[in-house]
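The values are calculated or read from the model by the stated rules, or taken from the named source; none is laboratory data. Quantities reported herein were computed from a predicted structural model and do not represent experimental measurements. Here Cβ is always computed from backbone atoms with ideal geometry, including for glycine, and neighbour counts include all displayed protein chains.
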Amino acid sequence: MRKELLAVIEKNARIGLKDLAIMLGVDEIDIANELAALEKEGIICGYLTLIDWEKTSIEKVTALIEVRVTPQKGEGFDKIAERIYNYPEVRDVFLISGGYDLLVTIEEKTLREISNFVSDKLSTLDSVLSTATHFILKRYKDHGTILSNKDEDEREIISP
Amino acid sequence: MTKKLSEKILNIKPSGIRKFFDIVNEIEGVISLGVGEPDFDTPWHIRDEGIYALEKGRTFYTSNSGLKELRYEISNYIKRTQGINYNPEQEIIVTIGGSEAIDIGFRILINDGDEIIIPQPSYVSYEPCAELAGAKPVIINLKAENEFRLKPEELINAITPRTKLLVLPFPNNPTGAVMEKEDLEKIAKIIIDNDIYVMSDEIYSELSYKDKHISIASLPGMKERTILINGFSKTYAMTGWRLGYACGPEEIISQMIKIHQYAIMCAPTTSQYAAVKALRDGAEDVEMMKQAYNQRRKFLLNAFKEMNIECFEPYGAFYVFPSIKEFGMSSEEFAQRLLEEEKVAAIPGNAFGDSGEGYLRISYAYSLDNLKTAMERLKNFVAKLRREKEKINQFKKSI
C-alpha cells in the first residue's frame, strides 16, 4: 500500500483520507496511520502547493547558483551545506557531481536582492571558492507538471 | 439516381451510440462519461518513436502482414503474457485497429447463412460486421446475475448445426466483465465438442484488475480454432494510431492477409514503428495507467454503493455498468434525462444489445476530479428521481 499511496499523493496531496481509502481499497484508519508513520519516518517531508507565480501580479525571481567550495576536514560538504541552507531565502541545496559542488536555488522579489545575497552572504563564506548565478527566465515544467495552459479534453464526448 | 443502394447495407441499423452522440453535441457544459478510449496521452517515448520514423523518412508501405519487427515483438509479447507460440512469419497480421481484424476475421470464415454467436452486451461492431459478412448473428443475452459472464448452458443453447464461430469479448466493453480460467475451460470444451471457431477479442487484456487475463487460445486444443485479437489502442493509449493485430493458425491468417492486402494494403507505417517501441518498453506505462484506472474503478463502485445503485463489480476494461431498473424507465430515457437535467453524458446500455436495457455504461477513462463532479450530479439526479417516484406512489395510494 505504501508505494501506491506515495505515488498517488505525490501527484495530488489534497485527496482526502476517505477517497484515498476507497481508491486503495483499505480502511480510512489504515491510511491515516500510514500517513502518520510516513511523516514520522521523515519520508513525507511536507505538503506543498505548486504555484505558477507568473500568472499572478506578484513579482518573484528565482536563481540557480553553482557554488564551488573547499570541503572541510571530517565534515566533507555537510558543514558548508548547512551554513548555506540555513538562510531562509535559500530554497534548495543539492550536492552535485561534475564541475562544481553545490547547486543552490534561491527565490527573492528582485534581482538586486539575489545579487545582494550572493555577494554579501554566499561569497563571503570561508569555504566558498566561487559562484555562478543563473536566473530563471521562464518555467515550462515544474515538479513534473507542465505549467502552460491546461490541456482540453479533445476526445469526442461519446465513443464506442 | 434511380438505382438503389446495397440492400444489405441499407438494412443495417445505425449505431445507438451515434444517435446519442448527436444529442450530446447540442448541449453545452456537459461532463462526459461516454468515451471508450483512454484519457492518457500515448506515452511520450512511443510518440517520439513515431516522430523519429517520420524524420527518418519511413513513409513507405510495410509488408501486407505488417512490419516484420513488429510481428516478432507481438509474437514475443503473446508468448510472454499467455505462453502461446505464434510464428511471426505466418500466424500474425497487423491490422487497422482490432476492428479491422473483427471484420476480416468474420469474412474469411463465413459462408452465407453460417451463424456467429455473439454474447451481448458487447462492442457495437460485432453484429453489423457479422451481417455484412453474410452471417446470421445469434445473440446470447448475458445476465447480470452471472456478472455478465458467458455460461456454458447459454452457449449450448445457442449452438445449431450452422454455428461457425463464437465471439468471445472479454474483458468486456461495456460491462467490464471478465472470464476466469474455470469459465474458459468449460466454454473451450463445448467449442471443441461442437467443432466451432472462436474469435477472442482481447483488446482490454491488460486492464484486468483481479487476476492476469487468460486467453482462451492458451487452453489445450484451442489455438488451432481461435482468432486472437488484440491491439494498441487501450493498452498503450494509442486509439488514434489505429493499430491492432490478429493471431491464429496459418490457414486463417493467410486468408485474412488476402482481404487486408486488397482492401487496406498495410497498417500505417508510422504507427507500426511506434508500436514496436510500445511492446519493447511500454510495460511500465501500462502498469501506471492500470493503477490509475483501478483507483477510479474503486471510487466509482463506492459512489454507486453510497447512492444505493445496484452495480456488480467489474474486473476489467474501464467501464462500470450500473443498473437503473429501479427507476422504471428505459436506458435511453434515463440517459437523456441525465444529460438534459444534470448535463452528464453516459451511454444507454441498450446501445450494446437488448440485454443492456436497464443499464448505463459509465467510463472511468476520466480524471478523478471529473468523476467526482459527475458523481455529484448523478447523485442529485437519482435523489430527484426517487422523490418523483415517492410522490407518484403517494398519489396512487390516495386515490
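Some observations on this one:
- Residue in region A:86-93 that is assigned to a strand (DSSP E or B) and within 14 Å of chain B (Cβ to nearest Cβ) present: no
- Leading residue by the ranking (nearest to the other protein chains (Cβ to nearest Cβ)) among those in region A:114-138 that are within 14 Å of residue A:64 (Cα to Cα) and assigned to a loop (DSSP other than H, G, I, E, B): A:138
- Contact map, region B:148-160: first residue more than 21 Å from residue B:349 (Cα to Cα), second residue assigned to a loop (DSSP other than H, G, I, E, B) and of a type in the set (Asp, Glu), Cβ cut-off under 7 Å, separation 6 or more or different chains; the map is empty.
- Of the residues making up region B:124-153, those that are away from every other protein chain (no Cβ under 14 Å) and under 26 Å from residue B:362 (Cα atoms) number 13.
- Scanning region A:31-85 for residues that are closer than 17 Å to residue A:10 by Cβ and of a type in the set (Asp, Glu) yields A:34, A:39, A:41.
- Subset of region B:266-322 (residues that are touching a strand residue (DSSP E or B) at 6+ places or on another chain (Cβ under 9 Å), part of a helix (DSSP H, G or I) and not polar (S, T, N, Q)): B:275, B:290, B:297, B:300, B:301, B:304
- Filter pass, residue B:66 being at positive phi and crowded, with 19+ Cβ neighbours inside 10 Å: yes
- Qualifying residues in region A:57-78 (those that are outside any loop (DSSP other than H, G, I, E, B) and without any contact (Cβ under 8 Å) to a residue 24 or more places away in the chain) - the one farthest from the chain's Cα centre (by Cα): A:76
- Within region B:350-365, the residues that satisfy the criterion of being within 13 Å of another protein chain (Cβ to nearest Cβ) and either assigned to a helix (DSSP H, G or I) or surrounded by fewer than 23 Cβ atoms within 10 Å (Cβ to Cβ) (or both) are B:351, B:352, B:356.
- Condition check for residue B:154: surrounded by 17 or more Cβ atoms within 10 Å (Cβ to Cβ), acidic (Asp, Glu) and farther than 29 Å from residue B:37 by Cα: yes
- Checklist (1) within 14 Å of chain B (Cβ to nearest Cβ); (2) surrounded by 10 or more Cβ atoms within 10 Å (Cβ to Cβ); (3) modelled with pLDDT of 90 or more applied to residue A:141, failing item: (2)
- Just so you know, in region A:13-42 the residues that are within 23 Å of residue A:143 (Cα to Cα) and exposed (fewer than 11 other Cβ atoms within 10 Å of the Cβ) include one that is farthest from the other protein chains (Cβ to nearest Cβ), and it is A:42.
- Each residue in region B:111-129 was checked for being surrounded by 21 or more Cβ atoms within 10 Å (Cβ to Cβ) and outside any loop (DSSP other than H, G, I, E, B), and 9 of them qualify.
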